[in-house]
Amino acid sequence: MVKKFIRKIHLWLGLSSGLVVFTIALAASILVFEDEGRELFQHDFYHVKAVGAQRLPIKQLTDTFKVHFPKEKVTNIRFKEKPDAAVLFISRKNITVSMDPYTSTIIGVQKQNRDFYSIVLDYHTHLLMGEFGNAIIKVNVLIFFIMCVSGLVLWWPKQRKFFKQAVRINFKTKNWKRLNWDLHSVLGFYALAVLLVISLTGMFFLYDSVKQFAGFITNSPVPLKEEKFKSTRGEDKQKYGIDKAYGYMASQYPGAMETFITPPADSTAAIRVLMRYPYAITRRQNSLIFDQYSGKILKTELYSQYTGYDYIAKSNYNLHTGKIAALGIGSKIIYFLVALIAASMPVTGFLIWFGKYRKSTKKRQSASASLRSASPVNA
């Protein structure tokens, strides 16, 4: 009785969310190798042709950006701490400008609404429909988690002697329905552990209640929404500047592999410098917020001071996307295959349902025909 109820839940949730799961999983399979894809197809955008003796000040690069794009507002500056890395300027209007840090020459301009990987990511997170699409994704993440759990219950063999059969696909069978069933249940079982991780981390992104639960089980405070720090303008109006903030971070916390700088949005805003360091799963990053005039440090966040909640939050993205440095390219290959399996689940599941639906329809039609032939009117 319980399994029958779970089977119905699994069926109707699968039919209602199948198309979304299919397309979102395909998008995920593409995003798994985003870094490699960008390196292969957009290499010149992220690298300089010739490494100079010394990088120019970030302020000078910013001034160059303003000359070429006077109507754009820079929201983020990022670059890898490698000699041949270009400096990327991201604007409020969603354009990314790549610049040579040695000559301040603009390498290229990329619009996010025309960038392949940005479009795929927008579909994966918003279905290209903004907040409405995000709401659909939010519901489907929860449905997907329920599907994983209910699928495990339905797969579980009644007796131990059937376990070997439940974990093996019979490719030799000539019954395509049996093969389709194996592809649905057996592949789903092998992918289940990763699919549960993906669904749980997806829920962490989208549900505040999941964040609160993570804080509860780790006995750690859950950070409030992004605080806005204000700078205090002095009488001389002298600015501390991005270069000094970056220089302080680089000297105090060396060894970073990538840097993210948020310049002041206006005359009262602060400077944020975030540096990311080599890590296995949990992102190791230090972040300082500076008063743009005095250089006073308004907030310090160091990976050496992570709470239990921080370890979960800083691991969530990598566990969701398969970018687990500790496993190298192997983790991405696993996530890529799991994403393809996830995309196949709605297809094989629909074929199972459709086959049973056609069979039951034929039975009803046959029974109806038998009743008509046996009725006194036809006698």
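The values are calculated or read from the model by the stated rules, or taken from the named source; none is laboratory data. All values reported here derive from a predicted model rather than from experimental measurement. Positions of Cβ are generated from backbone atoms using ideal geometry, with glycine treated the same way; all protein chains shown enter the neighbour counts.
The figures follow:
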| quantity | calculated |
| --- | --- |
| Unique match (being modelled with pLDDT of 95 or more, under 19 Å from residue 137 (Cα atoms) and surrounded by 13 or more Cβ atoms within 10 Å (Cβ to Cβ)) among 48, 32 | 32 |
| Residue in region 244-267 that is over 31 Å from the mean Cα position of the chain (by Cα), modelled with pLDDT under 95 and polar (S, T, N, Q) present | yes |
| Residue in region 120-132 that is in contact (Cβ under 8 Å) with a residue 12 or more places away in the chain, more than 30 Å from residue 351 (Cβ to Cβ), in contact with a helix residue (DSSP H, G or I) (Cβ under 8 Å, 6 or more places away or on another chain) and not in a helix (DSSP H, G or I) present | no |
| Residue check for residue 93: of a type in the set (D, E, K, R), more than 22 Å from residue 47 (Cα to Cα), not in a strand (DSSP E or B) and not assigned by TED's automatic domain parsing to the domain that holds residue 52 | no |
| Residue in region 268-282 that is under 15 Å from residue 229 (Cα atoms), free of Cβ contacts under 8 Å to residues at least 12 places away in the same chain, β-branched (Val, Ile, Thr) and outside any helix (DSSP H, G or I) present | no |
| Those residues of region 172-205 which are free of Cβ contacts under 8 Å to residues at least 12 places away in the same chain and either among the small types (Gly, Ala, Ser) or not in a helix (DSSP H, G or I) (or both), in sequence order | 172, 173, 174, 175, 193 |
| Residues located in region 146-162, provided they are assigned to a helix (DSSP H, G or I) and either surrounded by 12 or more Cβ atoms within 10 Å (Cβ to Cβ) or modelled with pLDDT of 85 or more (or both) | 146, 147, 148, 149, 150, 151, 152, 153, 154, 155 |
| Residue check for residue 167: within 26 Å of residue 137 (Cα to Cα) and not assigned by TED's automatic domain parsing to the domain that holds residue 286 | no |
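Listed here are the residues, each with its yes/no results for (1) surrounded by 15 or more Cβ atoms within 10 Å (Cβ to Cβ); (2) of a type outside the set (A, V, I, L, M, F, W, C); (3) farther than 30 Å from residue 101 by Cα.
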position: 172; (1), (2), (3): no, yes, yes
position: 177; (1), (2), (3): no, yes, yes
position: 184; (1), (2), (3): yes, yes, yes
position: 198; (1), (2), (3): yes, no, yes
position: 202; (1), (2), (3): yes, yes, yes
position: 206; (1), (2), (3): yes, no, yes
position: 216; (1), (2), (3): no, no, yes
position: 230; (1), (2), (3): no, yes, no
position: 241; (1), (2), (3): yes, yes, no
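To keep it simple, each residue is scored yes or no on (1) within 30 Å of residue 274 (Cα to Cα); (2) modelled with pLDDT under 95; (3) not basic (Lys, Arg).
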site	(1), (2), (3)
311	yes, no, yes
317	yes, no, yes
337	no, no, yes
342	no, no, yes
370	no, yes, yes
